[in-house]
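Some notes on the structure that comes next.
The values are calculated or read from the model by the stated rules, or taken from the named source; none is laboratory data. Predicted, not measured: the structure shown is a model, and the values here were computed from it. Every residue, glycine as well, gets a Cβ built from its backbone with ideal geometry; the counts of neighbours run over all protein chains shown. Note: accessible area is taken over every heavy atom of the protein model, side chains too, but ligands, DNA and RNA are not part of it. Shrake-Rupley method; radii C 1.70, N 1.55, O 1.52, S 1.80 Å.
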Amino acid sequence: GFAPSLNELIPFLNHYTKSNFTLIKTDRTEDQLGFIHIKFQQVINNIPLELNFVAVHIKNGVIKAISGNLESNTPSSNTAVLTEQNVLNTTLNKIDADEYKWERPEEEAYIKEFENNPEATFYPKGELVYFSINSSLRLVYKFNIYAHKPVSRADYYMDAITGKMLFKNDIIKHANATGSANTGYSGTRVITTDSTSTTNYRLRE
């Protein structure tokens, strides 16, 4: 069957969502069966969607299948109200650790050596991303924060409009941690395309 080419893929997929998005290539692998797998991240207004990716599976130059998880809602906001530093301060107040990795010179020396980068630091850098929660696409600052005492490391998703914590993804898991979270780190859907004419495609679940 006829399948869309890569440059037709974005308008083709946009047809099934309410958001006008683009796709940025993040990974490309080839397997022993001769399939090329290209992974894209969904992007709106040049801001990546943290949980939303699509993989295109190609053989002999033809797209054979598309799998992934695309967000169809439009963002609640495109512009941060709060500054990165303001939200970071709020986040650190919430964590309230006695000591953080970047406050220890030997830890800062370690990360510079480990990454072979004199600029490397444990000091958190906020990344503006969209995060889908409760069917709402929120603009957030994502911080990776590594506390030394007591030890904890997590990604914090802080609303860039309100400063509230929307989600915390623990990287260091503690045996005594309790609670649950409904996350968007979801399973995949596989869709296969075929054509009904030279300009129309049909989705087969």
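Every residue in segment 6-21 that is farther than 28 Å from Ser77 by Cβ and modelled with pLDDT of 70 or more, please.
Step one: list which residues in segment 6-21 are farther than 28 Å from Ser77 by Cβ, which gives 6-8.
Passing the criteria: Asn7, Glu8.
Mind telling me which of the residues Leu88, Leu49, Leu139 ends up being within 30 Å of Lys173 (Cα to Cα), in contact with a Ser or Thr (Cβ under 6 Å, 6 or more places away or on another chain) and open to solvent by less than 20 Å² (accessible area, probe 1.4 Å)?
On the way: Leu88 fails: in contact with a Ser or Thr (Cβ under 6 Å, 6 or more places away or on another chain); Leu49 fails: in contact with a Ser or Thr (Cβ under 6 Å, 6 or more places away or on another chain).
Answer to the selection: Leu139.
Quick one: count up the residues across segment 48-107 that are aliphatic (A, V, I, L, M), part of a strand (DSSP E or B) and farther than 30 Å from Thr29 by Cα. Walk me through it before giving the result.
Residues of segment 48-107 aliphatic (A, V, I, L, M): 49, 51, 54-56, 58, 62-63, 65-66, 70, 80-82, 87-88, 92, 95, 97.
If we keep only those that are part of a strand (DSSP E or B) as well, we get 49, 51, 54-56, 58, 62-63, 65-66.
With farther than 30 Å from Thr29 by Cα added as a condition, the list becomes none.
Residues in segment 48-107 being aliphatic (A, V, I, L, M), part of a strand (DSSP E or B) and farther than 30 Å from Thr29 by Cα: 0 in total.
Can you tell me which residue in segment 115-139 is nearest to Val81 (Cα to Cα), limited to those that are in contact with a Gly (Cβ under 9 Å, 6 or more places away or on another chain) and hydrophobic (A, V, I, L, M, F, W, C)?
Going through segment 115-139, the residues in contact with a Gly (Cβ under 9 Å, 6 or more places away or on another chain) turn out to be 131-133.
Now restrict to residues that are hydrophobic (A, V, I, L, M, F, W, C): 131, 133.
Details: Phe131: 16, Ile133: 19 Å.
Here the residue is Phe131.
Just one of the listed residues (Glu108, Glu113, Glu127) is in contact with a helix residue (DSSP H, G or I) (Cβ under 7 Å, 6 or more places away or on another chain) and open to solvent by 20 Å² or more (accessible area, probe 1.4 Å), namely Glu108.
Consider Ser67 against the criteria (1) of a type outside the set (A, V, I, L, M); (2) closer than 30 Å to Gly34 by Cβ; (3) without any contact (Cβ under 8 Å) to a residue 40 or more places away in the chain: it satisfies all of them except one. Which criterion is unmet? Just one mismatch for Ser67, condition (3). I need the full set of residues from segment 56-81 which are buried (at least 17 other Cβ atoms within 10 Å of the Cβ) and among the aliphatic types (A, V, I, L, M), in order please. Once the filter is applied, which keeps residues that are buried (at least 17 other Cβ atoms within 10 Å of the Cβ) and among the aliphatic types (A, V, I, L, M), segment 56-81 yields Val56, Ile58, Ile63, Ala65, Ile66, Leu70, Ala80.
Applying the set (1) modelled with pLDDT under 70; (2) part of a strand (DSSP E or B); (3) open to solvent by 70 Å² or more (accessible area, probe 1.4 Å) to Lys168 leaves exactly one unmet item: (1).
I'd like the residue in segment 27-44 that is in a strand (DSSP E or B) and among the acidic types (Asp, Glu) and, out of all such residues, is nearest to Ala65 (Cα to Cα).
Step one: list which residues in segment 27-44 are in a strand (DSSP E or B), which gives 27-30, 36-44.
Now narrow it down to the ones that are among the acidic types (Asp, Glu): 27, 30.
Working: Asp27: 16, Glu30: 14 Å.
Applying the filter and picking the extreme gives Glu30.
So, Glu119, is that one free of Cβ contacts under 8 Å to residues at least 12 places away in the same chain and open to solvent by 40 Å² or more (accessible area, probe 1.4 Å) or not?
Working: free of Cβ contacts under 8 Å to residues at least 12 places away in the same chain: yes; open to solvent by 40 Å² or more (accessible area, probe 1.4 Å): yes.
Yes: the conditions hold for Glu119.
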